[in-house]
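One structure below.
The values are calculated or read from the model by the stated rules, or taken from the named source; none is laboratory data. Keep in mind the model is a prediction, meaning the values are calculated, not measured. Cβ placement follows ideal geometry from the backbone for every residue including glycine, while neighbour counts extend to all protein chains displayed. Only protein heavy atoms, including side chains, enter the accessible area calculation; ligands, DNA and RNA are left aside. Shrake-Rupley method; radii C 1.70, N 1.55, O 1.52, S 1.80 Å.
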2 protein chains.
Amino acid sequence: MQRHFLAAALMAAMALPAQAQAQAQTEPLQIREVGSLHVGGRIATLEGLPEKEITFSAGAPPTRMNPNGEFQVEQMYAQYIKLANPRARYPLLLWHGGGLTGVTWETTPDGRPGWQMFFLRAGHDVWVSDAMERGRSGWARFPEVLPGEPIFRTMGEGWGLFRLGDQAGWNREPAKRVAFPDSRFPLPSWDQFMKQGVPRWATTDRQIQAAYDAYVQAACPCVVVVHSQGGNFGFTAALNAPDKIRALIAVEPSGAPPQAADAAKLKDIPHLVVWGDHLADNSFWSKVRANIERWQGQIRAAGGAADTLDLPAMGIRGNSHMLMMDTNSDEIAGRVQGWMASKGLMK
Amino acid sequence: MQRHFLAAALMAAMALPAQAQAQAQTEPLQIREVGSLHVGGRIATLEGLPEKEITFSAGAPPTRMNPNGEFQVEQMYAQYIKLANPRARYPLLLWHGGGLTGVTWETTPDGRPGWQMFFLRAGHDVWVSDAMERGRSGWARFPEVLPGEPIFRTMGEGWGLFRLGDQAGWNREPAKRVAFPDSRFPLPSWDQFMKQGVPRWATTDRQIQAAYDAYVQAACPCVVVVHSQGGNFGFTAALNAPDKIRALIAVEPSGAPPQAADAAKLKDIPHLVVWGDHLADNSFWSKVRANIERWQGQIRAAGGAADTLDLPAMGIRGNSHMLMMDTNSDEIAGRVQGWMASKGLMK
């Protein structure tokens, strides 16, 4: 009941003026700077590993390689695009989920502009990062530096976990795959989407968090948008630097801080949680949602704001876990934008 | 002798008007679109590997993981920034070298705008890619999919190989490192630069090339700038699609096609090779240069153009292998830009 009430209230607040939206789609972006940086990390030293002889490129002479020495490890990468005249008060940081990179926020797998472009057009300086160990952040030798071993996501696991359909609906042949009838994911682009996947570890949360904390120090004050596994990292980053994060938008976050006492530390940071459809059809996501609602309740009990954008409750059906790529991705971004405006985050 | 003559002739042709340069540094960029895509790759199937139970995020319920199934592998990532009104005839594709990613071309390790920004300001649509297996391209399980094993570059190996100084000048303590006295690399940012490094294989040239060939089909006709290991991939991409590549700019390429007969296929593609300093001080780079000059000679013998921007011969001393990050990176980019203009590649 509470969810439905909030959804209706937000719906009214969130519509972007149609004229501004149409104009924003056609005019060139006025960009001050495109750039990037690596933050965090440390130097690790390896010793006692055997030498090897390697030919690095066809035609080049062989080189003797000693794998021992000093290595830069556990840093993370972020790219920023700064507008000449941002209309947002703070830069917007987009944090991806597990097994993925910042590409999550870029062009959708079927070739439409993604949330990076949407929020640039909406007036934000936009920062897109890759978590430690993923994408352009690089990864270190394992198990010597990164503990454990990497995990590679199958195309079939993604189908169920990201709620394109039931897990049983996966088939290696595209014509035989069964999606939810109302799915908004651009289904013919599923294989293309899976090209965005990268290996990840399940044993490196501490190192990922440390890099995110360094990132917040470098790029904030800011507004952070997290997705999926990024939820835990975003909530914890806010606990570690509550003065740096001015709002937290959690798109289908997969985790939240376990300690109720922590909620009070975030009571001055407005929260928005965004849910797609078919969570109740999936035992994993049902449990995840209950845990996030526990955390939202604790933030509200501490006097904070923890709103919910429950798309099915608003009559918007069929969104997958990758809702920033679904066919109505701009509509959802527009509602997130409206929420930010309602919280005074635009000039 | 021939090198010095060419260098002098190019020097005259390459100065950018100072007024245009100053204006370009201050006005906002007019950007039509920022986007990205993955190209190439294939689906690999793994079978017979044991199941595991994994907790993907702290607080999330454990998931049973079957590592068998279908995987998207061997694709590559590219990001494009398209201008509202490009002044270049073709998009400019920047291909990085070994153990690195497209970050090579972005902000320098000491925080100055890199060649991505320079060439955007000079009027090019700029595409920055990550080779297969590196950065946002992702990497696949080994040795089941990618043969062999990854190589991790030490900070010390980079110091010598990238010609900051002699290999013997490396020391883990920054104050004790000995660089060439005239080095133009921003030396205090060496550790920061090493954060850009990623693992690479020495056994995957075929897969990397296949992805680059797919990239050329998706993004070209174009002008390609290659660096270091990217040289082989760029020359071979041109051989595989000579109608798609309108000029090849090879910054310190580490290899070139071995067959003299291939040179005739590239005779209509203007080539520019750019060399930094201290190649003669390094046995690896001396051999590399001789091989590249052999290839340039073969292109010229076939009636093609293979120019050289030999910086030391022009009195510009101290450039490292990472000359797009050296303190005079913009000056070198300006001369490359001048060469492109002289070849009719600007409108």
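When nucleic acids and ligands are ignored and a 1.4 Å probe is applied, A:ILE43 ends up with an accessible area of around 70 Å². The mean count of C-beta atoms from other chains within 10 Å of the C-beta of residues in B:312-322, rounded to a whole number, is 0. Pairs to check: A:LYS82/B:LYS82; A:LYS265/B:LYS52; A:LYS195/B:LYS287. Give those whose C-alpha atoms are more than 26 Å from each other in this structure. Checking Cα-Cα distances, A:LYS265/B:LYS52; A:LYS195/B:LYS287 exceed 26 Å.
Treating the angle as unsigned and between 0 and 90°, give the value, to the nearest 10°, between the Cα long axis of helix A:2-13 and the longest Cα principal axis of chain A. Helix A:2-13 sits roughly 90 degrees off the main axis of chain A. Using the Cβ of A:GLY135 as centre and a radius below 11 Å, the other residues enclosed give a net charge of +2, where K and R count +1 and D and E count -1.
Against chain B, whose longest principal axis is taken from its Cα atoms, helix B:329-342 shows a tilt of about 70°. Applying 1/(1 + (r/R0)^6) with R0 = 25 Å to the Cβ-Cβ distance of A:PHE142 and B:ARG206 gives a FRET efficiency near 0.50.
GNM remark for chain B: springs join alpha carbons under 10 Å apart, and the peak mean-square fluctuation among B:GLY111, B:GLY102, B:GLY48 falls on B:GLY48.
Close amide H contacts of A:TRP95 (hydrogens built in the peptide plane, cut-off under 5 Å, sequence separation of 5 or more or a different chain): A:VAL225, A:VAL226, A:HIS227. Accessible area of A:MET340 (1.4 Å probe, protein heavy atoms only, ligands and nucleic acids ignored): about 0 Å². Under a Gaussian network description of chain B, with springs only between Cα atoms under 10 Å, the residue in B:SER129, B:SER286, B:SER329 that fluctuates furthest is B:SER286. Remark: label point of A:PRO258 defined 7 Å out from Cα along the Cα-Cβ vector; separations to the same position in other copies 5.8 nm, ascending. Across all Cα atoms of the range B:282-335, the radius of gyration (one decimal) and Dmax (whole number) stand at 13.1, 37 Å.
Fraction of C-alpha pairs exceeding 24 angstrom in the range A:210-347: 27 percent, rounded to a whole number. Counting only protein heavy atoms and using a 1.4 Å probe, the accessible area of A:LYS287 comes to about 120 Å². Relative to the longest principal axis of the Cα atoms of chain A, helix A:205-219 runs at roughly 70 degrees.
The local environment of B:ASP182, defined by Cβ-Cβ distances under 12 Å, has a net charge of 0 under the rule Lys, Arg +1 and Asp, Glu -1. Remark: the protein assembly as shown carries 35 Å² of accessible area per residue (probe radius 1.4 Å; ligands, DNA and RNA excluded).
Each of B:ILE43 and B:GLU27 was given a label point 7 Å from its Cα along the Cα-to-Cβ line. The distance between the two points is 4.9 nm. The B-A contact accounts for roughly 7000 square angstrom of buried accessible surface, both chains included, probe 1.4 angstrom.
Ordered by solvent-accessible area of protein heavy atoms (1.4 Å probe), largest first, the residues A:LYS176, A:LYS244, A:LYS347 come out as A:LYS347, A:LYS176, A:LYS244.
Given R0 = 35 Å, the distance between the Cβ atoms of B:ASN85 and A:ASP191 translates into a calculated FRET efficiency of 0.50. Count Lys and Arg as plus one, Asp and Glu as minus one, and take only other residues whose Cβ is under 11 Å from that of A:ILE269; the net charge is then +3. Comparing the full protein assembly with the isolated chain (1.4 Å probe, heavy atoms, ligands and nucleic acids excluded), the residues of the range A:91-109 losing at least 20 square angstrom of accessible area are A:VAL103, A:GLU106, A:THR107.
Take B:ALA175, push a point 7 Å out from Cα through the beta-carbon direction, and compare it with the same point in every other copy: 7.2 nm, smallest first. Bridges between two residues of chain B, per DSSP, are antiparallel at a rate of about 50%.
Note on the protein assembly as shown: antiparallel DSSP beta bridges, both residues inside, total approximately 55 percent of the bridges counted. Note that chain B carries a Kirkwood radius of 21.3 Å, evaluated over its alpha carbons pair by pair. Taking all protein chains as present, what is the carbon and sulfur share of the accessible area of the protein assembly as shown, in % to the nearest whole number, probe 1.4 Å? Answer for the protein assembly as shown: carbon and sulfur cover 53 percent of the accessible area. Residue by residue, the range A:92-108 carries 3J(HN,Hα) couplings of 10, 9, 9, 10, 7, x, x, x, 10, 10, x, 4, 2, 9, 8, 3, 5 Hz when phi is fed to the Karplus relation 6.51 cos²θ - 1.76 cosθ + 1.60 (θ = phi - 60°); x denotes Gly or Pro.
Largest GNM mean-square fluctuation among B:PRO62, B:PRO253, B:PRO188, using chain B with Cα springs under 10 Å: B:PRO62. Karplus-based coupling profile of the range A:194-204, in residue order and whole Hz: 5, 5, 6, x, 9, x, 9, 9, 9, 10, 10, with θ = phi - 60° in 6.51 cos²θ - 1.76 cosθ + 1.60 and x standing for Gly or Pro. Averaged over peptide B:193-205, the number of partner chain Cβ atoms lying within 10 Å of each residue's Cβ comes to 5. The modelled label-to-label distance between A:THR327 and B:ASP182, using points 7 Å beyond Cα along the C-beta direction, is 6.4 nm. Just so you know, the Rg over Rh for the range A:141-192 is 1.18, from Cα atoms, with Rh as the Kirkwood radius. Protein-only accessible surface at a 1.4 angstrom probe places the residues B:VAL178, B:VAL103 in the order B:VAL178, B:VAL103, largest first. The alpha-carbon atoms of the range B:105-257 define a convex hull whose volume equals 135 cubic angstrom per residue. Mean residue ellipticity, 222 nm, helices only, chain A: the sum of -39500 (n - 2.57) across DSSP H runs of n ≥ 4, divided by residue count and rounded to 500, is -8500 deg cm²/dmol. Entry for the protein assembly as shown at q = 0.05 Å⁻¹: log10 I(q)/I(0) = -0.23, Debye formula applied to identical alpha-carbon scatterers, no solvent contribution.
Shielding by partners for peptide B:138-149, expressed as the average number of C-beta atoms from other protein chains within 10 Å of each residue's C-beta, is 3. For the range A:112-221, the dipole from Cβ point charges (+1 on Lys and Arg, -1 on Asp and Glu) about the Cα centre works out to 340 debye, to the nearest 20. Using the Karplus curve 6.51 cos²θ - 1.76 cosθ + 1.60 with θ = phi - 60°, what ³J(HN,Hα) values do you get for each residue of the range B:32-41, in whole Hz, with x for Gly and Pro? The phi angles translate into 7, 7, 10, x, 7, 7, 10, 10, x, x Hz.
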